[in-house]
Amino acid sequence: MTSTLAAVAARYRRPMTLGNAVLDIHPTAMVAGITALIVVGLVSAGWVAPLVVSVLFVVIAFLAGRGRSYLGTILKLWLAVGLILFVLRALLVKGQTVLVPLGPIAITREGIQDGLRFSIAVMAICGGVTLFFAIVSMRRLMLALERIGVSPRVSYVILASFQAITDLGATARVVLDAQKARGIEAEGNVFVRARAFFPVLAPVFLTAMSATEERAIALDARAFNNPGRHTSLLDLKTWTGVDTALVAVAAAMVAAAVAGGVLGWF
Amino acid sequence: MVLAALKGVGFTYAYAEHPALVDVDLQLEEGLLHGIVGLNSSGKTTLCSLIRGVIPHFHQGDLTGEVTILGRPLLEWDAAELSRTIGCVFDNPFTQISGIRDSVFEEIAIGLENLGVPRTDMIDRVERVVEQLGIEAIVEKNPNELSGGQRQKVAFASIVAMDAPVVVIDEPTSQLDPEASEAVFEIIDGLKAQGKSIVLAEHKIDLLAQYADTVTVMHAGTVVMSGPTRDVVGSDEFGSYGVVAPEVTELGRRLAAAGRPLDRLPITRGEAFDEISARMRSTHAH
């Protein structure tokens with residue numbers, strides 16, 4: 001046996017670790033934590049709480065070793081989504097205190113406050129979702145869900161759906177390259193690219209549909225339909241005290257935020 | 001026991017205008033390596049799908065005649081039972097990968113996970129198969145990023161790992177170089193030595209002639225020849241269905257046409273080596 005193969009096999013014999021304390025938190029505990037932070041950010045009335053939550057997400061990403069890529073993605077989202085939402089709300093929400101009159105519309109103090117509150121809340125959701133995809137391994141999450149009774153079929157459908165996005169992109173690139181090789185112009189401004197891209201969609205989806213049937217047969221060949229108990233090559237780390245503490249804190253935060261919202265603390 | 005018995009079998013895929021199989025009569029025995037050859041669209045893949053039960057369990061269409069697999073009518077088998085009993089590798093390597101595993105090691109283990117094999121046994125079996133197929137170098141790679149040939153090997157490895165008593169393989173070497181093709185055939189030969197029954201559709205007739213116990217020739221959706229490899233591949237009729245005979249068989253025929261026939265028409269390189277060596281020895285002796 002080669003040393004590489006032996007090392008790989010030895011790795012699978014041990015409980016799965018991603019080499020980082022944050023990444024190794026049980027995936028369901030991680031989902032509970034991220035969800036709780038989003039809820040806290042949304043329930044509180046002002047824009048400070050969602051902003052703090054957004055900053056916390058960045059901190060968590062850095063602790064997980066995914067900070068740079070997370071920060072890059074989230075900054076783009078703030079610019080592309082957050083800014084537009086803020087400007088639209090600031091312009092369109094009516095208020096008493098007019099700061100800048102702009103003909104039929106006006107920028108008001110209330111509009112700016114509402115814009116800040118709304119856009120930061122939306123960005124807290126975006127931040128949480130982005131963090132989820134950055135630090136939660138879907139494979140580990142599905143494995144954890146299978147352990148608590150979710151069918152492997154459901155788990156496959158979810159994992160395959162995510163993979164399908166990558167596959168569709170790859171197929172589209174292949175078809176586009178083939179089009180370019182035949183002399184069709186696919187580089188240039190937005191209109192040129194769009195003119196080259198839209199005709200590609202039909203072959204891309206047809207290819208995906210025909211591949212789906214063959215892939216189903218290939219999975220059947222791997223006993224996917226076997227009704228007996230399925231096992232797993234990966235050994236998910238057992239639930240630890242840290243995971244319990246995280247879920248408890250998450251539950252307490254959500255309870256406090258909801259109670260605070262109902263009782264008017266914020 | 002008979003592995004597969006087909007009597008008067010016809011099959012037309014749903015929405016197809018022409019039948020893919022027409023009046024097929026065939027009997028394949030257990031424990032042997034059965035080769036299937038024929039031109040493109042001659043019905044090889046459909047025959048493999050039928051023996052594996054993909055038809056009619058997945059591919060809908062009009063199936064006529066009688067199909068018996070391991071002594072039971074095909075329609076009495078359920079899909080899960082078939083997948084445990086008959087492993088299969090199909091010809092398109094790009095759809096043989098699950099798409100949901102992060103490494104080749106994990107990909108090969110999928111079938112074992114579905115069969116409920118305990119983790120320790122699973123890891124041992126995957127290790128053995130990886131070594132057997134010589135794919136140690138790609139064991140950590142993402143299966144979605146492999147070349148066609150590598151995917152083909154991984155798909156094959158996955159089925160070998162499942163250790164089914166019957167294996168149906170459709171053109172396993174279509175994307176492989178000659179050396180890798182030979183290696184795959186050696187593994188298939190090893191599976192046969194373990195007592196497995198194998199049905200192998202393949203274009204590489206030289207390798208098939210060397211390893212297969214029987215050869216079935218498909219033409220226009222029907223079986224036109226079937227029998228022991230030597231009888232089929234060495235027959236004059238073999239070439240009349242568009243299938244090219246092994247190079248050494250062609251050499252033997254040309255020597256015969258030139259008035260210098262070998263004692264026995266070779267169908268494998270080994271036989272050709274023996275025959276030509278004997279000829280050279282007798283020439284030197286005279």
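Computed values, structure above
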{"quantity": "Debye log10 I(q)/I(0) for segment B:176-286, one point scatterer per Cα, at q = 0.10, 0.16, 0.19 Å⁻¹", "calculated": "-0.34, -0.81, -1.04"}
{"quantity": "Per-residue ³J(HN,Hα) for segment B:76-88, Karplus 6.51 cos²θ - 1.76 cosθ + 1.60, θ = phi - 60°, Hz, x for Gly and Pro", "calculated": "7, 7, 9, 4, 5, 5, 5, 5, 7, 9, 10, x, 8"}
{"quantity": "Dimensionless Rg over Rh [segment A:150-221; C-alpha; Kirkwood]", "calculated": "1.12"}
{"quantity": "Translational D in µm²/s for segment A:139-266 (Stokes-Einstein at 10 °C, 1.306 mPa s, Kirkwood Rh from C-alpha pairs)", "calculated": "81 µm²/s"}
{"quantity": "Rounded D (µm²/s) - segment A:59-113, Kirkwood Rh over Cα pairs, Stokes-Einstein at 10 °C, 1.306 mPa s", "calculated": "122 µm²/s"}
{"quantity": "Relative exposure of B:23, B:263, judged by other C-beta atoms within 10 Å (fewest first)", "calculated": "B:263, B:23"}
{"quantity": "Vicinal HN-Hα couplings computed from phi for segment A:14-27 (Karplus, 6.51 cos²θ - 1.76 cosθ + 1.60; Hz; Gly/Pro x)", "calculated": "8, x, 5, 10, 9, x, 8, 4, 6, 5, 7, 4, 4, x"}
{"quantity": "Over segment A:213-262, equivalent-ellipsoid semi-axes from the Cα gyration tensor in Å", "calculated": "42, 18, 9"}
{"quantity": "Where a label projected 7 Å from the Cα of residue B:15 along Cα→Cβ would reach, residues of segment B:22-65 with amide N under 13 Å", "calculated": "B:60-61"}
{"quantity": "Summed residue charge, Cβ within 12 Å of residue B:276's Cβ, Lys/Arg positive, Asp/Glu negative", "calculated": "+1"}
{"quantity": "FRET efficiency estimate (nearest 0.05) - Cβ-Cβ, residue A:150 to residue A:129, R0 25 angstrom", "calculated": "0.75"}
{"quantity": "Placed amide H near residue A:105: partners under 5 Å, 5+ positions off or other chain", "calculated": "none"}
{"quantity": "Projected-area average for segment A:16-58 over all orientations - Cα convex hull basis, square nanometres", "calculated": "3.2 nm²"}
{"quantity": "Helix axis angle, B:119-133 relative to chain B longest principal axis, alpha carbon, degrees", "calculated": "30 degrees"}
{"quantity": "Kirkwood Rh in Å, taken over all unlike Cα pairs in chain A", "calculated": "22.7 Å"}
{"quantity": "Fewest-first ranking of B:126, A:8, using other Cβ atoms within 10 Å as the exposure measure", "calculated": "A:8, B:126"}
{"quantity": "Stretch in chain A that is longest and holds no trypsin sites (Lys or Arg not before Pro) that DSSP places in a loop and that have at most 14 other beta carbons within 10 Å", "calculated": "A:1-93"}
{"quantity": "Convex hull of the protein assembly as shown built on C-alpha atoms - directionally averaged projected area, nm²", "calculated": "36.6 nm²"}
{"quantity": "Cα coordinate range in chain B, projected on the principal axes (Å, largest first)", "calculated": "67, 46, 33"}
{"quantity": "Integer Hz, Karplus 6.51/-1.76/1.60 couplings in order for segment A:227-244, x for Gly and Pro", "calculated": "x, x, 5, 8, 10, 9, 5, 7, 10, 5, 4, 5, 5, 10, x, 4, 5, 4"}
{"quantity": "Stokes-Einstein translational diffusion, segment B:46-144 - Kirkwood Rh over all Cα pairs, 0.890 mPa s, 25 °C, in µm²/s", "calculated": "158 µm²/s"}
{"quantity": "Amide H within-cut-off set for residue B:199, under 5 Å, with H built and near neighbours excluded", "calculated": "B:34, B:167, B:168, B:169"}
{"quantity": "GNM flexibility winner over chain A from A:252, A:49, A:218 (Cα, springs under 10 Å)", "calculated": "A:218"}
{"quantity": "Residue B:219 long-range amide H proximity, modeled H, under 5 Å", "calculated": "B:224"}
{"quantity": "Charge sum, other residues only, whose C-beta stays under 14 Å from residue B:35's C-beta, Lys/Arg counted +1 and Asp/Glu -1", "calculated": "-4"}
{"quantity": "√(5λ) per eigenvalue of the Cα gyration tensor, segment B:246-286, largest first, Å", "calculated": "17, 13, 6"}
{"quantity": "Most fluctuating residue given options A:111, A:67, A:95, as computed from a GNM of chain A linking Cα atoms under 10 Å", "calculated": "A:95"}
{"quantity": "Shape parameters for segment B:120-191, alpha-carbon atoms, Rg then Dmax in Å", "calculated": "11.8, 35"}
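Where a number appears in this text, it was derived from the coordinates with a stated rule and is not lab data. Please read all numbers here as calculations on a predicted model, not as lab measurements. Ideal geometry is used to build each Cβ from the backbone, glycine not excepted, and the neighbour counts take in all protein chains shown.
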